[in-house]
Each structure stands twice: as C-alpha cells, then as structure tokens.
Amino acid sequence: MPSATQAIPAPRTGVRRPAAAPSLPPTLLLTLIALCTAVTAANIYLAAPLLPLIAHDFGSAPSAVAWIASVAQFGYATGLLFFAPLGDTVNRRRLVAALSLITTAALTLGAFSGGTTTLAAAVFVAAAATVVPQLLVPLVAARAPAGRRARHVAAVIAGLFTGIVAARVLGGLIGQAFGWRIVFVGAAVLTAALGLATAWALPADSRPRTGPLFAGLRALPSVVRTSPDLWRACLRQAGMYGAWSALWTSLALLLTGDGGYGLSTATAGLFGLFGLTASAVAPLAGGFVDRFGAAKVVRSAYLLAAVSVPLFWLGGSTLWALCAAAIVVHAALVTSHVANQTLALTTTSTPATANTAYVVAGFAGGALASALAGSAFTQWGWGGVCAVAGVWLLLGWTTTSVRRGPGRNASATASVRR
C-alpha cells in the first residue's frame, strides 16, 4: 500500500510560489473557499427550481421558459473554456474579484428583468462568470500538504455539491415563499460578499503573464494528448458524470409522471436532499485518495455506480430502492470526482488548463447522456434511462482500460495510475 506522500504526486506547476503568506490561516482560508464555491456553484442551477414561478410571472406556460435552465448550462460551458484556463497565467485575486462582480451584476439584472430574453441573457452571463470554483481548486491543490492534498480538494468539492443542493431545494422553497426575484437578489448579495472576501483573502500572486491571454485554451488539446493520466481522468469522469446525469435529470419524470409515482413537484424536489450524500462522502473520499491512491478509489467508485443502476431500475416501482440508489450514485459520483480531479490537478505543469479539460469532459459526458436519457424515457420508459446510464459507465471504463504510452507530462508516480 502506498504511503500518504506517495499516493498523489506534488503538482509540477513550474511556477514559483509567492513568498507572501496568505491573509488568513490555512484552515480558515480553505473554509472560506469552500463557502465561496457553494454560493457560486448554486448560481448555475438557480433558475431550474424557479421555472414555474418565472412562467407565472411572465404569463406563460412552464414549458415555454424551460429553455432558460439550459442557457445556464451553455453559459457555464463557455465560462469554463474561456475563463478557467486563465488560472495558470492571470492574477487570481483580480480575476476572482472581477468575475464575482460580473456575476453579481448579471444576477441583479435578472432579478429586475421584464421578459424571458433579458432574463436568459442575464442567466447566461452569470453562469459564464461563475467559474470561480474551477479557479480556486488548482490553488487549493498546489498549496495543500502532500499527504492531505486530496482531502483539501474534497473540501472544495463538498462545498460545490452543497451549493447545488441549496439551489435546488432552498431556492425553490424561498422562491415559493417570497418570489423568484428575491432568490436572484439574495444570490447576487451572497456572490458579491463571498467572492470579494475570497479574493481579498487569497495569497499574493506575483506571476507575470506571458504570451497571449487565451493561450491556455489553445493548449487544451496538446495538454490532454501528452498526459495519459489526465486523458484517463477525463474519460472516466465523463462516463461517471454521464451515468449520474442520465438518471438524475430524468428522475423528475418518473416521480411526477402518471405512469410513475405521481408526486407533486414540491415533493419530488425534496429528492434533491439526497445530494447531501455527496457533501458527506467527499471528505472520506479525499482521505482514501491520499492513503490508497486515485486509481483504486476510482475503481471502487465505478463498482458503487454499477450497483446503483439495477437499484434505480428496481426503483421504477419500489420507492425504497429508488432512495437507496440515489444515495449510492451520489457517493459514487463524488468519490470518483475527488480522485479524478486530484489526479488531473497534479499530472501536468499547467493545472488550471488541465482542470479545464477535465471539467469540460465531464460536463460534455453529462450533457450528452442527459439528452439521450430524455429520448430513452420517451421510447422505453424508466428502463431505457437505466440502460443509458449502464452504457455510459461501461464506455467510461472500457475506453480507458488500455494504458496509453507515457507522454512528456505524464505523472512520475505509478501509484496514481490504474
């Protein structure tokens, strides 16, 4: 069994760390970053639970505004591609502050919008600028002690999943009580407060920018091509996130449909609380990665996910199985995410660019699987959705089961590989 210091190699950033100490003690800084991650991640999913309220306010049917939630996904993807790689070359403090202010302005505009076009534009800009978590994760990994690196990354990931749950559950409840515009205003205030506080607390960043501003975006293909570990992490997380997305995005159709459980939208939304499993499992997953290495943890996560698929299928008619499956699949997702993202952050000399490739790959896998799952549900019902999830897991594992030759930026420590 590898030791804690052997499980994950130190990131080879090739960048001299600034001599100045952080403004806050390390533990307090990590806590602040996790809170900032939770708030900013929630902005991506803010509109989804509020769509019925938005439709009523604008005098239209919910189906006529459902596309606004998709706009947020496209906005986030755009932000990932253009802003996340800047973490390797641009002063993080200024970048985090600027993006937080842009997000705040966009959310405020959305809160006072008078129609779907203005609201959609505001949601797109807010989601594109809310990539702050992906700027902070590489910093956390670089500054963490070697034997606790994955646990520090897991703390940020726990914040991310907590934010997603809060957006789906608390956002819906607050919107129902006070209106959807109040939710947007509250999100704007929290984003400004925590974003600016985090920017102020980040350690001094004296890296001079060299080369074109978006050089990291152009370097994405070569970074993935020359790092087998990064390539494997991207595909495995695309398979895992795709399986989760297929099941989770189609779950409302099963819970509220006449051929399913026939629950109300509010009751079905409480299933989002199972996402808290991810927040609870993340610290444990980080400890396992630090102790046993990323490869073993990812294999265990895939086994968990494989168990969840038949549970979900059984859950089509048995509620206890559906609840158990929801817990298992979230545990599998976050365990895989902690392991794969830690590996992605430590396997190249450009961690922010590598992290961008990793997150975009996972997002693409999830988006495609969700689209296929919707069609599968229409054609074959809940069993078709479970089949899509199973196929995605199979593809994610089998396409990476053959080891590629080492690239020039491959990790030097074999324990993090398969």
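Where a number appears in this text, it was derived from the coordinates with a stated rule and is not lab data. What you see is a predicted model; the values in this text were computed from it and never measured. FYI the Cβ positions are ideal-geometry reconstructions off the backbone, even for glycines, and counts take in every protein chain you see.
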Please report, for the Cα atoms of region 131-198, the Rg to one decimal and the Dmax as a whole number; what are they, in angstrom? 15.0, 47
Taking θ as phi - 60°, what are the ³J(HN,Hα) couplings along region 352-357 by the Karplus curve (6.51, -1.76, 1.60), each to the nearest whole Hz, with x for Gly and Pro? 5, 5, 5, 5, 4, 4
Per the Debye formula with a single identical scatterer at each Cα and no solvent contribution, what log10 I(q)/I(0) holds for region 22-202 at q = 0.12, 0.15, 0.16 Å⁻¹? -0.53, -0.79, -0.89
Cα pair distances of region 221-407 binned at 5 Å [whole percent]: 1, 9, 17, 20, 20, 14, 9, 6, 3, 1, 0
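Quick one: PHE288, PHE112, PHE58, fewest Cβ neighbours within 10 Å first, how do they rank? Could the numbers behind the result be given before it?
Working: PHE288 23, PHE112 12, PHE58 15.
Arranged by neighbour count, lowest to highest, PHE288, PHE112, PHE58 become PHE112, PHE58, PHE288.
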Quick one: what are the phi-derived ³J(HN,Hα) couplings along region 370-379, Karplus 6.51/-1.76/1.60 with θ = phi - 60°, whole Hz, x for glycine and proline? 5, 5, 5, 5, x, 5, 5, 5, 5, 7
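How long are the semi-axes of the equivalent ellipsoid of region 60-105, defined as square roots of 5 times the Cα gyration tensor eigenvalues? Whole Å, largest first. It would help to have the intermediate numbers written out before the result.
Details: eigenvalues 174, 32, 3 Å².
Semi-axes from the Cα gyration tensor: 29, 13, 4 Å.
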Rank these for me by crowding, ASP258, ASP290, ASP57, going from fewest to most other beta carbons within 10 Å. ASP258, ASP57, ASP290
With no solvent and one equal point scatterer placed on each C-alpha of region 89-128, evaluate the Debye formula and give log10 I(q)/I(0) for q = 0.22, 0.26 Å⁻¹, two decimals. -0.63, -0.76
Strictly greater than 21 Å: what percent of every Cα pair in region 43-142 meets that? 36
I'd like to know how region 225-278 sits against the 2.2 N^0.38 Å rule of thumb: what's its Cα Rg over that expected value? 1.61
Highest-fluctuation residue, GLN176, GLN237, GLN341 considered, GNM on the chain with Cα pairs under 10 Å: GLN176
Using the Cα atoms of the chain to build a convex hull, what is its mean projected area in square nanometres? 18.9
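Note down, for region 294-353, the three equivalent ellipsoid semi-axes (square root of 5 times each alpha carbon gyration tensor eigenvalue), biggest first, whole angstrom. All intermediate terms of the calculation are to be shown ahead of the outcome.
Numbers: eigenvalues 189, 19, 9 Å².
For region 294-353, the semi-axes come out at 31, 10, 7 Å.
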